[in-house]
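Engineer: Questions regarding the structure given below will be posed in turn.
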Amino acid sequence: MGEQNALKSAKEYLKITAFSYTGLIEQLEFEGYAYSEAAYGADNCGADWYEQAAKSAKNFLGVSSFSRQSLIEMLEFDGFTHEQAVHGATANGY
């Protein structure tokens, strides 16, 4: 039951804002799910983590200016892999 609820929560969070894989797990754990439940939710929510990186980059750029490198670093800080972060920056014109 916990896994299914974590999956439902993961999908709901992704409708609201972008998350990295690790960021989503951390959010679900903060909500009270066990790591295994949170990981299940993140593993099975159907998210495209590259698309999530692009959305997150767009969100960052909506509130502040960044160089390409600093945007990539911000995305990595938020838990995206280097490849996902580069994709996020590139998808937003960098």
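The values are calculated or read from the model by the stated rules, or taken from the named source; none is laboratory data. If you're wondering where the values come from, they're calculated on a predicted model, not measured in any experiment. Cβ atoms come from the backbone with ideal geometry, glycine included; neighbour counts cover every protein chain shown. Remember, those area values only see protein heavy atoms, side chains included, never the ligands or the DNA or RNA. Shrake-Rupley method; radii C 1.70, N 1.55, O 1.52, S 1.80 Å.
Engineer: Considering only the range 24-94, give the helices (runs of 4 or more DSSP H) lying wholly within it that have at least 1 residues that are under 18 Å from E12 (Cα atoms).
Structural biologist: The qualifying helices (runs of 4 or more DSSP H) are 35-44, 49-63.
Engineer: Is it fair to say H82 is buried (at least 20 other Cβ atoms within 10 Å of the Cβ), within 14 Å of the chain's Cα centre (by Cα) and not small (G, A, S)? Full working, then the answer.
Structural biologist: Working: buried (at least 20 other Cβ atoms within 10 Å of the Cβ): no; within 14 Å of the chain's Cα centre (by Cα): yes; not small (G, A, S): yes.
No.
Engineer: Assuming Q27 fulfils every condition listed in (1) free of Cβ contacts under 8 Å to residues at least 24 places away in the same chain; (2) surrounded by fewer than 18 Cβ atoms within 10 Å (Cβ to Cβ) apart from one, which condition is it?
Structural biologist: It is condition (2) that Q27 fails.
Engineer: Still on this structure, I have one more. Being under 30 Å from Y94 (Cβ atoms), of a type in the set (V, I, T), open to solvent by less than 60 Å² (accessible area, probe 1.4 Å) and free of Cβ contacts under 8 Å to residues at least 40 places away in the same chain, is that true of even one residue in the range 54-72? Walk me through it before giving the result.
Structural biologist: Pass one, the range 54-72, residues under 30 Å from Y94 (Cβ atoms): 54-72.
Remaining after also requiring of a type in the set (V, I, T): 63, 72.
From the residues that got through so far, the ones that are open to solvent by less than 60 Å² (accessible area, probe 1.4 Å) too are 72.
Filter once more, keeping what is free of Cβ contacts under 8 Å to residues at least 40 places away in the same chain: 72.
The answer is yes, given that some residue of the range 54-72 is under 30 Å from Y94 (Cβ atoms), of a type in the set (V, I, T), open to solvent by less than 60 Å² (accessible area, probe 1.4 Å) and free of Cβ contacts under 8 Å to residues at least 40 places away in the same chain.
Engineer: Sticking with this structure for a sec: Kindly establish whether Y13 is open to solvent by 40 Å² or more (accessible area, probe 1.4 Å), assigned to a helix (DSSP H, G or I), free of Cβ contacts under 8 Å to residues at least 40 places away in the same chain and touching an Asp or Glu at 6+ places or on another chain (Cβ under 6 Å).
Structural biologist: Working: open to solvent by 40 Å² or more (accessible area, probe 1.4 Å): yes; assigned to a helix (DSSP H, G or I): yes; free of Cβ contacts under 8 Å to residues at least 40 places away in the same chain: yes; touching an Asp or Glu at 6+ places or on another chain (Cβ under 6 Å): no.
It is false that Y13 is open to solvent by 40 Å² or more (accessible area, probe 1.4 Å), assigned to a helix (DSSP H, G or I), free of Cβ contacts under 8 Å to residues at least 40 places away in the same chain and touching an Asp or Glu at 6+ places or on another chain (Cβ under 6 Å).
Engineer: Tell me which residues, restricted to the range 30-52, are aromatic (F, W, Y), more than 23 Å from H82 (Cα to Cα) and open to solvent by less than 50 Å² (accessible area, probe 1.4 Å).
Structural biologist: Y33, the sole residue that qualifies.
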